[in-house]
Amino acid sequence: MITISSLNILKLHHHPMLSITYSSLIISQIRKTSTFTNSTSSSTSSSFESPLTLISQTHPSTLDRQSQISQTSNQKRIHALIQKMQETAKKTIQHRQNLANDRDKLSQIGSIQTTLKTSKPSHLPNNPPQPTDLTLAALISTASHLGHNKSLTCPTNYPLIYGFRSDLAIIDLRQTLSYLRRACNVVRKTVENDGIVLFTNGVPGSEKAIQLASQRLGKNGYSLGLRPNGQGANWVRGTLTNAPEVLKRPRQAAKQNRLSEENSRLESESSYRKQSENQETSKFLPSLILVFNPRQSKVLLREAALKQIPTIGVIDTDVDPRIVTYPIPANDDSARSIELIAGVLSKAGQEGLRKRTEMMNSLQKIF
């Protein structure tokens, strides 16, 4: 390449005779550079051609072969998917046929479970299950297996606990079912022997179900009733241990100071009158008490222990099962659980009433 420095260019401008040679040199240099760039661009474009064009120029049949291979592989995949779908369809059809055959066989044999006996929360207050029809599924549906935190668990309750999940005690419902059936036998025998069963109130929301359960026993069932605001009535202290005074003066029984004054005035009465009153009030003592919230019924349990009245209680994991005579390990904070247990116990009481009426009818026929 020919290069002309700036000094040489200045020198050429000062010499007019050399202007022609100067212009010719510049033109020749421009022509050389243009030819060089054209040659390089053509070489680079030829060197950077795509491989597909090179393959197509050299081997035009390779692209056809590759397309054929891809088409055959896709066809194989589609065929395999169709075969799998056909196999799954055959299996589902065969499974449905087997279910239909089993359903026909079971319909001929018969089943205890019906649509009315399935666990539905809305059916519990009005249509509780029979003690023989009670299942673990019904107990689970009412959250009877949920206990309290591990830190609140009573040590005497560990044999009744299935385990812990996220530090929450899970009650063993198999033992709950056996303990509940034992309590049903106690209620049945009590009503059969013309005993009085007292139903106490549980958590808010279960009062109406408990009242319905007590009404199923007729004259042998009683409940604490409801307040005017719809909430369950509390236990009046001294109803069992001081029954003559509490039943005679229910308003004064709630005030201990006035009771002491009235008791001092009644000391002057004859002993014969006191004995007659005690005999009359002893007729109204219950033969069995059902406690659905033992933590809030400690006074009632103490009075029942003093009067030697057996008790049946729903025992949660934070309650000592030894405070009642017949414990039922279950969740006492769930209204559904209490509704289910109260309904099952009332159904057992109805069986006792039926047996008692049958026995009375048979005795009347004999005599």
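The table below lists the values:
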item: Among the residues listed as Gln308, Gln364, Gln350, the single one being of a type outside the set (Ser, Thr, Tyr), modelled with pLDDT under 90 and farther than 23 Å from Ala143 by Cα; result: Gln364
item: Members of segment 155-173 found to be without any contact (Cβ under 8 Å) to a residue 60 or more places away in the chain and either within 16 Å of Val314 (Cβ to Cβ) or in contact with an Asp or Glu (Cβ under 8 Å, 6 or more places away or on another chain) (or both), listed by number; result: Tyr162, Leu173
item: Residues of segment 330-356 classified as touching a Phe, Trp or Tyr at 6+ places or on another chain (Cβ under 8 Å) and part of a helix (DSSP H, G or I), total; result: 3
item: Scan of segment 203-240 for residues that are hydroxyl-bearing (Ser, Thr, Tyr) and in contact (Cβ under 8 Å) with a residue 60 or more places away in the chain, ordered by number; result: Ser206, Ser214, Tyr222, Thr239
item: Residues that are under 17 Å from Val314 (Cβ atoms) and in a loop (DSSP other than H, G, I, E, B), drawn from segment 190-243; result: Thr200, Asn201, Gly202, Val203, Pro204, Gly205, Ser206, Leu224, Trp235
item: One residue from Ala137, Ala183, Ala169 being outside any helix (DSSP H, G or I) and out of contact with any Pro (no Cβ under 8 Å at 6 or more places or on another chain); result: Ala169
item: Matching residues in segment 231-263 - criterion: being under 27 Å from Gly205 (Cβ atoms) and at pLDDT below 75; result: Pro250, Ala254
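Residue by residue, here is whether (1) in the same structural domain as Pro294 (by TED's automatic domain parsing); (2) more than 23 Å from Ser141 (Cα to Cα); (3) crowded, with 20+ Cβ neighbours inside 10 Å holds:
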| residue | (1), (2), (3) |
| --- | --- |
| Ile171 | yes, no, yes |
| Arg182 | yes, no, no |
| Leu198 | yes, yes, yes |
| Ser206 | yes, no, yes |
| Ile210 | yes, no, yes |
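Residue by residue, here is whether (1) within 15 Å of Pro329 (Cα to Cα); (2) at pLDDT below 90; (3) exposed (fewer than 14 other Cβ atoms within 10 Å of the Cβ); (4) not aliphatic (A, V, I, L, M) holds:
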residue	(1), (2), (3), (4)
Thr114	no, yes, yes, yes
Lys117	no, yes, no, yes
Pro121	no, yes, yes, yes
Leu124	no, yes, no, no
Pro129	no, yes, no, yes
Asp133	no, yes, no, yes
His148	yes, no, no, yes
Tyr162	yes, no, no, yes
Arg165	no, no, yes, yes
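The values are calculated or read from the model by the stated rules, or taken from the named source; none is laboratory data. On a predicted model such as this, the values are computed, not experimentally measured, just so you know. As a convention, Cβ positions derive from the backbone with ideal geometry for all residues, glycine included, and neighbour counts pool all protein chains shown.
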